[in-house]
Amino acid sequence: MSDWRVRLVDDDAGLTAILREARTVAVLGAKADPSEAAHYVPAYLAARGYRIQPVNPKFAGRRLHDAPTVAGLKDLSEPADVVEIFRRPEYLSGHADEILTLPWRPKAVWFQLGIRNDAAAEKLARAGIRVVQDRCMMPEHRRLMNASVSQQGGSREGGVSPPRSDKWPANTRSS
């Protein structure tokens, strides 16, 4: 068996591969409030062609990002390429177990900026799933995908911007 650590993604090539390969993103901890990262990050991704599958028991049945919100990952109508997690680190071990009991496996699990749990990441990586920790998909997409798109002579930039507020971490703003 190969070294599971190779599935812990923290380099530009690995992040770019995940962003390029993904078509559907299940957002665990999706929010309805447009000022929250768990809302505007998926909105940004949806505006760039990703299909968003919101997951949050508080909003089950409500439409977010043009899709019905489901209570848990097991309730999704189809597999997701990436599970993006907007939950506190103490919940990640349980979510890793939940992911590993699904009849399908995501290609990657992405822990949002500020979220890290090495034990959960190891559990997922040992099961063959790529894991990103403590990074936000939105600025990584802007930085990596828009640069590669503009080098190819086009741009997908535009659309949703995060609200400007003191809650938005300075290191994740796009310049």
Amide H within-cut-off set for residue 8, under 5 Å, with H built and near neighbours excluded: 131
Förster radius 41 Å - calculated FRET efficiency between residue 35 and residue 3 (Cβ-Cβ, nearest 0.05): 0.50
Peptides ranked, highest mean first, by Cβ atoms within 10 Å: ranges 12-18, 58-64: 12-18, 58-64
Pairwise centroid distance, computed over Cα atoms, of the stretch 91-147 with the stretch 17-62, Å: 14 Å
Pairwise label distance in nanometres, residue 62 with residue 134, each label 7 Å out on the Cα-Cβ vector: 3.2 nm
Highest-first arrangement of 24-32, 134-142, 99-107, where packing means the average Cβ count within 10 Å: 24-32, 134-142, 99-107
Approximate shape of the stretch 14-151 as ellipsoid semi-axes (Cα gyration tensor, √5λ), whole Å, largest first: 20, 19, 14
Within the stretch 16-96, GluC sites (Glu not before Pro) in DSSP loop having at most 16 other beta-carbon neighbours inside 10 Å: 36
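FYI, it's all coordinate maths here, none of it is from the lab. Since we're looking at a predicted model, the values are computed, not measured. Positions of Cβ are backbone-derived with ideal geometry, glycine not excepted, and every protein chain shown enters the neighbour counts.
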